[in-house]
Amino acid sequence: MSTRSDSVSAASPQGGAAVPPPPGGGAFRAFKRIVAGVDALTFWAIVAAMAAMSILVSLQVVMRYFFSSSIDSADELSRLFFVWAIFLAIPHGVKHGVHVGIDLCVRMLPLRGQETLFRVMAGLSALLMVMVMIGGWVAMWRPIEVFLYDWWPIRAEARLYQRLATMPVRIEQTPDVARAGRTQQQRWPGRE
């Protein structure tokens, strides 16, 4: 017979059914180490991207105001660093639950309703990501097709032009052409 303290410790924090412990096998531990390594790598990539963005924008301001010059691609690169930092930070925010959200109505729901709404929103988010991935695939289909296949005739034509440009050319005057040229010159009035 179990005591009250045993059943409470096995129950979930929300008072629902008991939650089984996570698997403790070697493969699970290896997977957790890989995930932790990827998390650490992306964390430092976020730090590097934000640092690069800050340094680039600061250099751009200094160059513009003090030296009347600018870095050509500073705006584009700083935007690129910012976007990559945000995209890499999204999974960290989801993992640690630190995204900004308005949950006033959600907190009014009972616990079961909150869980259901969370699952529905996670499913809709996954569906949206799949749609974005498919849209990206469709949008990139023609450029990928050009990159993989359509450049072959262009490359063959470029090789032909390269061979023509570097082709040795020898110009000779044969006796027949020389005689015809002199005859042509003699026929033109005013030429000596």
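The values are calculated or read from the model by the stated rules, or taken from the named source; none is laboratory data. All values reported here derive from a predicted model rather than from experimental measurement. Backbone-built Cβ (ideal geometry, glycine too); neighbour counts: all protein chains shown.
Tabulated values for the structure
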| quantity | calculated |
| --- | --- |
| In the range 80-118, the residues that are among the charged types (D, E, K, R) and under 26 Å from the mean Cα position of the chain (by Cα) | LYS95 |
| Those residues of the range 78-100 which are modelled with pLDDT under 90 and farther than 18 Å from LEU41 by Cβ, in sequence order | GLY97, VAL98, HIS99, VAL100 |
| Any hit, the range 81-98, residues being surrounded by 10 or more Cβ atoms within 10 Å (Cβ to Cβ) and part of a loop (DSSP other than H, G, I, E, B) | yes |
| Selected residue (only one of PRO110, PRO189, PRO168 is modelled with pLDDT of 90 or more and either at positive phi or surrounded by fewer than 10 Cβ atoms within 10 Å (Cβ to Cβ) (or both)) | PRO110 |
| Single condition CYS105 does not satisfy, out of (1) more than 24 Å from ALA126 (Cα to Cα); (2) in the same structural domain as MET129 (by TED's automatic domain parsing) | (1) |
| Tally of residues being in a helix (DSSP H, G or I) and charged (D, E, K, R) across the range 99-109 | 1 |
